[in-house]
Amino acid sequence: MNIQVLVSAMHRTNHEILKEMNLQTDAIIINQCDQDKSETLDFRGKSVHFYHLNERGVGRSRNTALIKASADICLFADEDMIYVDGYSEMIIEEFNNYPDADVLIFSLESLNKDKPLSTIRKSGSVGRKQAMRYGCARIAFRRNSILKQNIWFSLLFGGGAKYSSGEDTIFLQDCLKRGLKIYSSTKKIAYVKQEESTWFRGYNEKLFYDKGVLLSTVMPRLAEIYALGLSYKYSKNKSVTMPFKDIYSSMKKGIKNKKRN
């Protein structure tokens, strides 16, 4: 069982990213920049393929990496991650523990105290509601399972797309809709710096409108109920200045617009 890390990066002009991320497996780096070229190198005895591409969008980057991938088990990754020593053995062990798993969701730890990440407190089966919490930087998956079900990332959602986030949510929901088995693991495979974001511009009307569009996309019948709960949650966040009613109003506008179109 071999492993390949699929990294989405921006404007990386050197190979320092390999040391920064503490990569210990084969990898594919999709570097979105202003040129088109590729290169292959050996790093710590592992094969790394760099693709420098004149394109934009997180979803597009992940799709390109998935097309280029060749390993049994793949991991989506962002360039601000730092993998722990032995992550490869840890992941293989968990797939052996869950032989029917198509996707495993692992724990990550944020190095930015102001941007904590959801903690996985219990290993086990993941349903549609639980999957809403997690991003794809946490997941390892059987490549053949994803390709067999023809599952790809939306180009309408995520950094560089029309709607600011949600490509990871749609991807995981599509996995579950098509019958793939997803499990969570309490094991921590990486740290995340969380210093900058290519898409986050604050908790504004556009962000909540986009979340409404996302909710209407992944669960149209329950979108307004979920929007109500999310609006209350965000209204209690000290970083959010918008009142509850305005947050909910923005989400409902996104939901209604998605339904009309």
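The values are calculated or read from the model by the stated rules, or taken from the named source; none is laboratory data. Worth saying up front: this structure is predicted, and the values here are computed from it rather than measured. Positions of Cβ are backbone-derived with ideal geometry, glycine not excepted, and every protein chain shown enters the neighbour counts.
Does the stretch 214-223 contain at least one residue that is on the phi > 0 side of the Ramachandran plot and either free of Cβ contacts under 8 Å to residues at least 24 places away in the same chain or in the same structural domain as ASP85 (by TED's automatic domain parsing) (or both)? No, the stretch 214-223 contains no residue that is on the phi > 0 side of the Ramachandran plot and either free of Cβ contacts under 8 Å to residues at least 24 places away in the same chain or in the same structural domain as ASP85 (by TED's automatic domain parsing) (or both). The number of residues in the stretch 116-150 that are part of a loop (DSSP other than H, G, I, E, B) and either over 18 Å from GLY166 (Cβ atoms) or without any contact (Cβ under 8 Å) to a residue 60 or more places away in the chain (or both) comes to 14. Does LEU176 satisfy being surrounded by fewer than 20 Cβ atoms within 10 Å (Cβ to Cβ), within 25 Å of SER61 (Cα to Cα), among the hydrophobic types (A, V, I, L, M, F, W, C) and out of contact with any helix residue (DSSP H, G or I) (no Cβ under 7 Å at 6 or more places or on another chain)? No, not satisfied. Hey, can you tell me all the residues within the stretch 1-35 that are part of a loop (DSSP other than H, G, I, E, B), in contact with a helix residue (DSSP H, G or I) (Cβ under 9 Å, 6 or more places away or on another chain) and among the aliphatic types (A, V, I, L, M)? The answer is MET1, LEU23.
Taking the listed residues LYS181, LYS245, the one that is basic (Lys, Arg), over 27 Å from ILE105 (Cα atoms) and at pLDDT 90 or above is LYS245, with no other qualifying. Quick one: would you say THR198 is closer than 30 Å to THR25 by Cα, assigned by TED's automatic domain parsing to the domain that holds GLY86 and modelled with pLDDT under 95? Here the answer is no, as THR198 does not meet what is asked.
Picking from residues in the stretch 38-88 that are more than 27 Å from ASN112 (Cα to Cα) and β-branched (Val, Ile, Thr), the one that is farthest from the chain's Cα centre (by Cα) is THR40.
Condition check ((1) in a loop (DSSP other than H, G, I, E, B); (2) more than 26 Å from GLN32 (Cβ to Cβ)) across all residues:
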position	(1), (2)
SER165	yes, no
SER185	no, yes
TYR191	no, no
THR217	no, no
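Scanning the stretch 203-261 for residues being closer than 19 Å to MET132 by Cα and basic (Lys, Arg) gives a total of 5. On the given criteria, is PHE43 of a type in the set (A, V, I, L, M, F, W, C) and in contact (Cβ under 8 Å) with a residue 40 or more places away in the chain? No, not satisfied.
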